[in-house]
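Heads up, the thing below is written out as structure tokens.
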Amino acid sequence: LPFHVWITGALNPTSQILIPYLLSVEVFPKVTAVHLHLLDLEGTEEAMQALRINTEDLALNLLYQVLTGTLQSLKIK
């Protein structure tokens, strides 16, 4: 089963710098897959999708899946 990691304020530059480190064997030595959840309540869907693509493009071995969320995407209709 993938290990779930949530990052809030994902569009913050500091959060973006942390992503490659959080998906390393050094941080989670016993984990074989990470399901990354990126959340930014003030971000746009477009910015979050760009972050998702950039994260996937890193081709990190532990990365299982990236999901994104914004305030707009979390609103119940």
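A short reminder: the numbers here are calculations on the coordinates, not readings from a lab. The shown structure was predicted, so the numbers you read here are calculated from the model rather than taken from an experiment. Ideal geometry is used to build each Cβ from the backbone, glycine not excepted, and the neighbour counts take in all protein chains shown.
Evaluate region 60-72: report whether one residue or more is surrounded by fewer than 16 Cβ atoms within 10 Å (Cβ to Cβ) and more than 17 Å from Val5 (Cα to Cα). Looking through region 60-72, at least one residue is surrounded by fewer than 16 Cβ atoms within 10 Å (Cβ to Cβ) and more than 17 Å from Val5 (Cα to Cα). Scanning region 1-58 for residues that are in contact with a helix residue (DSSP H, G or I) (Cβ under 9 Å, 6 or more places away or on another chain) and among the aromatic types (Phe, Trp, Tyr) yields a single hit, Phe28.
One line per residue, one yes/no per condition, for (1) in contact (Cβ under 8 Å) with a residue 60 or more places away in the chain; (2) assigned to a helix (DSSP H, G or I); (3) touching a strand residue (DSSP E or B) at 6+ places or on another chain (Cβ under 8 Å):
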residue	(1), (2), (3)
His4	no, no, yes
Val27	no, no, no
Leu38	no, no, yes
Gly43	no, no, no
Thr55	no, yes, yes
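Among the conditions (1) among the hydroxyl-bearing types (Ser, Thr, Tyr); (2) exposed (fewer than 14 other Cβ atoms within 10 Å of the Cβ); (3) part of a helix (DSSP H, G or I), Thr32 misses just one, which is (3). Note on region 44-59: among residues that are under 22 Å from Val25 (Cβ atoms) and of a type in the set (S, T, N, Q), the one that is surrounded by the fewest Cβ atoms within 10 Å (Cβ to Cβ) is Asn54. Residues in region 8-17 that are surrounded by 14 or more Cβ atoms within 10 Å (Cβ to Cβ) and assigned to a helix (DSSP H, G or I): Ser15, Gln16.
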